[in-house]
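Derivation of every value follows stated rules applied to the coordinates shown; laboratory data play no part. On a predicted model such as this, the values are computed, not experimentally measured, just so you know.
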Amino acid sequence: MDDSTSKNSCAIQRVGKIIKLEDQTVIMLINGKQIDVPLTKIAGEIVPGDLVVWSGKSWSRKSDIV
C-alpha cells in the first residue's frame, strides 16, 4: 500500500488563558502550566481572563477567531 497519496491532517488547537499582563510579558495558563509569553507574540488586545489560541505565529483572542 502506498501512503504517499493519502491526505491525513490532524489539527490540534492550542488554547491558553490570560492570567496577567506585565510590561513586555503575558502570563498565561496552558495545559495547567503557567507560561510567560513575550508581548510581541500576542495579536490584538487582550485582558486577563481572555482565552487565546495559537495560530502558529501569534496568540489571538479566541472570540476573534472565525
Would you grab the residues whose amide H sits under 5 Å from the one on Ile19? Only those 5+ places off in sequence or on another chain, please, with H modelled 1.01 Å from N.
-> Ile27, Met28, Leu29, Gly49
Determine ³J(HN,Hα), in whole Hz, for all residues of segment 37-42 in sequence, where each value follows from phi through the Karplus function 6.51 cos²θ - 1.76 cosθ + 1.60 and θ = phi - 60°; x replaces Gly and Pro.
-> 10, x, 4, 5, 8, 9
Segment 20-66: C-alpha gyration tensor shape, a/c 1.5 cut-off, then a/b vs b/c | rounded
